[in-house]
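Working notes, beginning with the structure itself.
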Amino acid sequence: MEHTLEGGCTCGETRYQILKKPMFVHCCHCHLCQQQTGSAFIVHAMIESENIKINSDNLTVHDMPAGSGQRHVVKRCKTCGTGMVSHYGPKDNLSIVKVGTLDDPNALQPLAHIFTNEKLNWVNLPKDVPSFEKFYEFEKAWPAGGYQRLLDVRKKN
Ligand SMILES: [Zn+2]
Ligand SMILES: [Zn+2]
């Protein structure tokens, strides 16, 4: 990626920069994501936390349920409440960026659709993008380079 991607919250106080191409991007259609966004689905981009620069002093951290039962926190702008980044699991090494908060949300398009068993009836999925009734196996669904980065990030403390 030649240029960094930038995004931020609706009030403009919290801004972030993504310094490297994300490992993977997927679109989740599960009901929890529908509830947490109030929308039909969410688009999530996975990136090493060291490769996203965000003004952490300006964030509040919210515990949210995850379908897996694991810890899931969402970091929101403390002024306007826009959620921009999630962490799943015990560590914060991996950041899940909410693609709708990019200045150009078209910049990252989903490489997979997941939890399509909970997808809203009126949402028609593209035929050229893999879709999964529930979750996928990382090793099979992700390109090799992205999967290796995921393994590396899981090793870090
Ligand atoms: Zn804000
Ligand atoms: Zn979901």
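Given +1 at the Cβ of Lys and Arg, -1 at the Cβ of Asp and Glu and no other charges, the dipole of the range 4-80 around its Cα centre is 40 debye to the nearest 20. Here r is the Cβ-Cβ distance between Asp152 and Leu19 and R0 is 22 Å; the resulting FRET efficiency, rounded to 0.05, is 0.90. Sorted ascending by nearby beta carbons within 10 Å, beginning with the fewest, Arg149, Arg76 become Arg76, Arg149.
At full extension, Asn117 and Asn55 could sit 18.7 nm farther apart than now, given 0.36 nm per residue minus the alpha carbon distance.
How large is the Kirkwood hydrodynamic radius of the chain, counting all unique pairs of alpha carbons, in Å? Intermediate values should be presented prior to the final figure.
Values: mean 1/r = 0.0625 Å⁻¹.
Taking every pair of different Cα atoms in the chain, averaging 1/r and inverting gives 16.0 Å.
Highest mean packing first, where packing is the average number of other Cβ atoms within 10 Å per residue, the peptides 31-38, 79-86 line up as 79-86, 31-38.
Backbone geometry of the range 32-47 corresponds, through the Karplus equation with coefficients 6.51, -1.76 and 1.60 at θ = phi - 60°, to 3J(HN,Hα) couplings of 4, 5, 4, 5, 6, 9, x, 10, 7, 6, 9, 10, 10, 10, 9, 8 Hz, x marking Gly and Pro.
Here the range 1-65 is treated as an ellipsoid with the same Cα gyration tensor; its semi-axes, largest first and in whole Å, are 22, 17, 11.
Mean separation of Cα pairs under 8 Å and 6 or more residues apart, divided by the residue count, gives the range 5-155 a relative contact order of 26 percent.
The distance linking the range 78-139 with the range 18-37 is 2 Å (Cα centroid to Cα centroid, whole angstrom). The peptide list 132-140, 97-105, put in order of mean Cβ contacts within 10 Å with the highest first, becomes 97-105, 132-140. By the count of neighbouring beta-carbon atoms within 10 Å, fewest first, Trp142, Trp122 end up ordered Trp122, Trp142. Charged neighbours of Thr60, selected by a Cβ distance under 10 Å, balance to +3 (K, R count +1; D, E count -1).
Only the coordinates and a few stated rules stand behind these numbers; no lab work does. Predicted model only: the values in this text are computed from it and were never measured. Note that each Cβ is placed from the backbone with ideal geometry, even for glycine, and that neighbours are counted across all protein chains shown.
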